[in-house]
Amino acid sequence: MVGGPSSADWVRRHERLLFGVLGIVALLSLWEVGTATGYLSSTIMSSPTGIVRAAQLEFGRGEIWGHIAYSLTEYAIGLVFAAVVGVSVGFIAGWWQRAFFILDPWITILYSTPTVALVPLLIIILGIGLWTNVVVVFLISLFPIIVNTLVGVQSTGQWHLGVARSFGATQRKQWTSVVIPGSLPFILTGLRLAAVHGMVGVVVAELIAGNRGLGFFMNLAGQYLQSGTVMLGILIIGLWGVFISEVMKRVEDRFEMWRPD
Amino acid sequence: MAQSSSQTQSNKLRATDIRMEYTRRDRTRVLAIDRLNLETQEGEFLSVVGPSGCGKSTFLKIVAGLVQPTEGEVEVNGEVVTKPAPSRAMVFQDPSLFPWYTVTQNVAYGLACQGVSKTEASERIGPLIEMVGLRGFDNHYPYELSGGMQQRVNLARALAVNPDLLLMDEPFAALDAQTREIMQAELLTIWRQTSKTVLFITHQINEAVYLSDRVIVMSARPGKILDDIQVDLPRPRELAIKRSESFLRYEERIWRQLESEVRREMEADQLERRQGGE
């Protein structure tokens, strides 16, 4: 058996995890007890076990997989396009000052406009369906990528470029050895922000103008007052968000070994 | 006729009537360097001292080929400098290592630019990393090294391309006083082993006298040559030589000329700031 002092040590070492789990368990228990005793309305609030039941039901029927896949597809297509276009535009505007002067007002205006405000217009242009949602994801994640790439390229000091030139680095070598590695941390930050914004884009677009997908699924369940199912949707989206930001954090760590913490 | 023997006797570096003028943001023209003439011999360690803003760093950039002078030209080995070349390698001030590259990758940078293969590059830089005392740090990133170690990497990076002329732009300026002394001594050791011609820019009189065969004293802006001093201290030089009487005499002679220049520069600077504030 573990003795007294060493178990205290164990607690200290795992303090963070322990208290984190404790907080979650406490809140879930309160919630469950609250709805079971009738203090909270289980129709409106559902309950942890209610969510589990909803999950059993929905995954048992299997339709939910289609909605998840649909949302993921929109997300992936939108994000990949945003990454390609965003990094390219960011490099162009960061490198050529005149390009920056031309693009800067547009970037400022469009970055300040909530993309959601464009959804009615997109529905007029593209109708309700996959591509409207893809474009929402694309637009919402595009600007963090452009802006961060741009700042990254601009902040890659003339200093290091001077060093590269003094060693006779070709234009190409200047890019591969200075501009790209120097701006990579900024680009990754942009991509991480974009990945999170993109999720918002998927859900909001589907809530407004979806006929499939997780947002649509939640909307539908909401109309039938199935709060457990709505919460299940929230839970799936939440886990997805945690997963995405974990992955992006790993990627950033991998590419930023040279950076002091 | 123009064979290696006659070439070694010719001037390594010859700067003729260098004039450097540039336009500031407020459109005023500034004369940074005014008719500068300078020659060095093969294997010479030449320092340029002067008050800050006297154009000494600009002069070095002109020699490196990074900046074009308004008038005049620089010849190295009889060829006019128009652009950077590996035969003139530069050791920069403090934060000039590529932070995203390891020590090895930084030192190999110049070779990579010349298209030398990775295996050959690592063969060539191994002894250099050894020489600057950084063995075992090959795979460290610059942020993991102290300031002194970073400047050793900087030096090794310049030496790796096997230049004829080593251009050093206040490489120890950002180091603390003790580390700087040690680095100076080590630089001399390495210089003796490699026998490069060195053009060294500094604002530290002490550093210039200790390292150099010859010290050029530059005036405040516009930079002109005030004095050209042959330093006849015996080599190899220990750090203790800095306390010798002849050393102090050199220092004194240079400081006497610089003092008024520094004051002049400070007054000009104050005047400019006052006018700028209006």
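Between A:TRP65 and A:ALA117, the distance separating the two model label sites (each 7 Å from Cα on the Cα→Cβ line) works out to 4.2 nm.
Accessible surface area normalised per residue over chain B is 48 Å², counting heavy atoms of protein chains with a 1.4 Å rolling probe. Sorted on the mean count of surrounding Cβ atoms within 10 Å across their residues, most packed first, peptides B:128-135, B:143-150 read B:128-135, B:143-150. Local charge for A:VAL200 was computed over the other residues whose Cβ lies under 14 Å away, with Lys and Arg +1 and Asp and Glu -1, and equals -1. Peptide B:96-102 shows a mean partner chain C-beta count of 6 within 10 Å per residue C-beta. Equivalent-ellipsoid semi-axes for chain B (Cα gyration tensor, √(5λ), whole Å, largest first): 30, 22, 22. All Cα-Cα separations within the protein assembly as shown were binned at 20 Å from zero, giving a P(r) of 17, 36, 25, 17, 4, 0, each value a whole percent of the pairs. The label-point distance for A:MET45 and B:ASP269, in a model that sets each label 7 Å from Cα toward Cβ, rounds to 6.8 nm. Inter-chain Cβ neighbour count for A:166-174, averaged per residue, equals 6 (cutoff 10 Å, partner chain atoms only). What percentage of all Cα-Cα pairs in segment A:53-154 are separated by more than 20 Å? Pairs farther apart than 20 Å: 51 percent.
Using the average count of surrounding beta-carbon atoms within 10 Å as a protection proxy, the listed peptides B:113-123, B:179-189 rank, highest first, as B:179-189, B:113-123. For chain A, modelled as a GNM with alpha-carbon contacts under 10 angstrom, which of A:GLY241, A:GLY213, A:GLY90 fluctuates the most? Judging by the Gaussian network model, the answer is A:GLY241. Rolling a 1.4 Å probe over the protein heavy atoms of segment A:4-128, with every protein chain left in place, gives an accessible area that is 73 percent carbon and sulfur. Taking the centroid of alpha carbons for each part, segment A:64-87 and segment A:238-261 are 19 Å apart. In plain terms, the chain from A:ILE102 to A:LEU225 could stretch by 39.3 nm, reckoned as 0.36 nm per residue minus the Cα-Cα distance. For chain B, with all protein chains in place and a probe radius of 1.4 Å, 47% of the accessible heavy-atom surface sits on carbon or sulfur. Here the peptides A:112-123, A:21-32 are ranked by packing, the mean other Cβ count within 10 Å, and the order with the highest first is A:112-123, A:21-32. Centroid-to-centroid, using Cα positions, segment A:150-190 and segment B:18-32 are 28 Å apart.
Within the shell defined by Cβ-Cβ distances under 12 Å, the residues around B:PRO163 carry a net charge of +3, with Lys and Arg each +1 and Asp and Glu each -1. P(r) for segment A:55-255, from all Cα pairs and a bin width of 5 Å, is 1, 8, 14, 16, 16, 13, 11, 8, 5, 4, 3, 1, 1, 0 %, short bins first.
Across every direction, the projection of the convex hull enclosing the Cα atoms of segment A:1-103 has a mean area of 15.0 nm². Seen from B:GLY55, the other residues with C-beta closer than 11 Å to its C-beta sum to a net charge of +3, counting Lys and Arg as +1 and Asp and Glu as -1. In straight-distance terms, cross-link reach from B:LYS83 covers every one of the lysines whose alpha-carbon lies under 19 Å from its own, apart from those fewer than eight places away in the same chain; here that gives A:LYS173, B:LYS12, B:LYS56, B:LYS61. Given the C-alpha centroids of segment A:18-59 and segment B:215-233, what is the distance between them in whole angstrom? If you average the Cα positions of each part, the centres end up 82 Å apart. Taking every residue in A:157-163 and counting other chain Cβ atoms within 10 Å of its Cβ, the average works out to 5.
The values are calculated or read from the model by the stated rules, or taken from the named source; none is laboratory data. In this text the structure is predicted, and so the values were computed from the model without any measurement. As a convention, Cβ positions derive from the backbone with ideal geometry for all residues, glycine included, and neighbour counts pool all protein chains shown. Accessible surface areas use protein heavy atoms only, side chains included; no ligands, DNA or RNA. Shrake-Rupley method; radii C 1.70, N 1.55, O 1.52, S 1.80 Å.
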